[in-house]
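Asks: Quick one: this structure, given as structure tokens, is what I'll be asking you about.
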Amino acid sequence: MTSTFPDISISTDRLVLRPFEEADIPALVEMVTDDQVIAWTTYPVPYTEAEARAYVAREAPAVRTGGDGIVFAVTEFLTQRLVGVVELRRTDWRVLSAQVSYVTASWARGEGYASESVLALAQWLFQDQKFERLELRTGADNTAAQQVAQRLGCISEGVLRNAWIARSRTEDGGWTDIRTDLIVWSLLPEDLDGSFEELADTSGLAPYPYAP
């Protein structure tokens, strides 16, 4: 029998992590077509409304119902505006481990939303779901992602050499694939002591584009 996460929402002082809704589609398209997101993710280029609609209606819910993990739309508590996406994937229900990926809208960067949303997710994962490990992977040249992982209290465990394909702008304005290393980070329940309260009001953090 496949294990699954419950269909829930998670709240912080500033954010709500909830399932995607149809009304999120325009903001999702705008977020995913930002250059920094394109550079560090596997979202299709161009990313269309039809693709966003399929993601919201079928692909994101299937991550949870299929047992692979769970997908949250991250929204501002006061405005309900979509500020990002945070996902758990590659869940190992025996080991009680999962891999987190997240992306932040360009207009919302510098507010600490990436750290706040992932810390809220980690707290829920460890305390409510009794998981023992959360893993992140960041591109070797993605310094913004590395800063967020460090601020979260993650421990760097090593490098996967030549393990990811990022994108880079070409002279004609297009995109080309480039190979890069991945840095592996982990967060354990004992790493969270006091971190959530300290990070809740943090500002000026760089966003972490969606990781593999």
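Asks: Taking the criterion of being assigned to a helix (DSSP H, G or I), at pLDDT 90 or above and under 23 Å from Arg64 (Cβ atoms), would at least one residue in the stretch 167-188 satisfy it?
Replies: Checked against the condition, which is being assigned to a helix (DSSP H, G or I), at pLDDT 90 or above and under 23 Å from Arg64 (Cβ atoms), the stretch 167-188 yields no hits at all.
Asks: When Leu205 is evaluated against the numbered criteria (1) in a loop (DSSP other than H, G, I, E, B); (2) modelled with pLDDT of 90 or more; (3) under 17 Å from the mean Cα position of the chain (by Cα), which criterion, by number, is the only one it fails?
Replies: With (1) in a loop (DSSP other than H, G, I, E, B); (2) modelled with pLDDT of 90 or more; (3) under 17 Å from the mean Cα position of the chain (by Cα) applied to Leu205, the lone miss is (2).
Asks: Can you pull out the residues in the stretch 128-153 that are open to solvent by 10 Å² or more (accessible area, probe 1.4 Å), without any contact (Cβ under 8 Å) to a residue 60 or more places away in the chain and not small (Gly, Ala, Ser)?
Replies: Once the filter is applied, which keeps residues that are open to solvent by 10 Å² or more (accessible area, probe 1.4 Å), without any contact (Cβ under 8 Å) to a residue 60 or more places away in the chain and not small (Gly, Ala, Ser), the stretch 128-153 yields Asp128, Lys130, Glu132, Arg133, Glu135, Asp141, Gln146, Gln147, Gln150, Arg151.
Asks: Show me the helices (runs of 4 or more DSSP H) entirely contained within the stretch 1-120 in which 1 or more residues are in contact with a Gly (Cβ under 7 Å, 6 or more places away or on another chain) and under 19 Å from Cys154 (Cβ atoms).
Replies: Per the criteria, 35-40.
Asks: Something else about it: Hey, can you tell me all the residues within the stretch 2-11 that are of a type outside the set (Phe, Trp, Tyr) and open to solvent by less than 20 Å² (accessible area, probe 1.4 Å)?
Replies: Across the stretch 2-11, the qualifying residue is only Ile10.
Asks: Still on this structure, I have one more. Criterion first (open to solvent by less than 20 Å² (accessible area, probe 1.4 Å) and of a type in the set (D, E, K, R)) does Glu21 satisfy it?
Replies: Criteria not met by Glu21.
Asks: Let me ask something else about it. So which residues in the stretch 86-107 are acidic (Asp, Glu) and open to solvent by 20 Å² or more (accessible area, probe 1.4 Å), if there are any at all?
Replies: Matches in the stretch 86-107: Asp92 only.
Asks: Identify, from the list Gly112, Gly84, the residue that is over 22 Å from Glu21 (Cα atoms) and small (Gly, Ala, Ser).
Replies: That would be Gly112, the only listed residue that is over 22 Å from Glu21 (Cα atoms) and small (Gly, Ala, Ser).
Asks: Is one or more of the residues making up the stretch 139-160 modelled with pLDDT of 95 or more, of a type in the set (Asp, Glu) and assigned to a strand (DSSP E or B)?
Replies: Yes, the stretch 139-160 contains at least one residue that is modelled with pLDDT of 95 or more, of a type in the set (Asp, Glu) and assigned to a strand (DSSP E or B).
Asks: Take the residues in the stretch 34-85 that are open to solvent by less than 50 Å² (accessible area, probe 1.4 Å), β-branched (Val, Ile, Thr) and at pLDDT 95 or above; name whichever of them is nearest to the chain's Cα centre (by Cα).
Replies: Val85
The values are calculated or read from the model by the stated rules, or taken from the named source; none is laboratory data. Nothing here was measured: the structure is a model prediction, and the numbers come from that model. Methodologically, a virtual Cβ is constructed for each residue, glycine included, from the backbone with ideal geometry; neighbour enumeration extends over all protein chains shown. Surface areas here come from the heavy atoms of the whole protein model, side chains and all, with no ligands, DNA or RNA. Shrake-Rupley method; radii C 1.70, N 1.55, O 1.52, S 1.80 Å.
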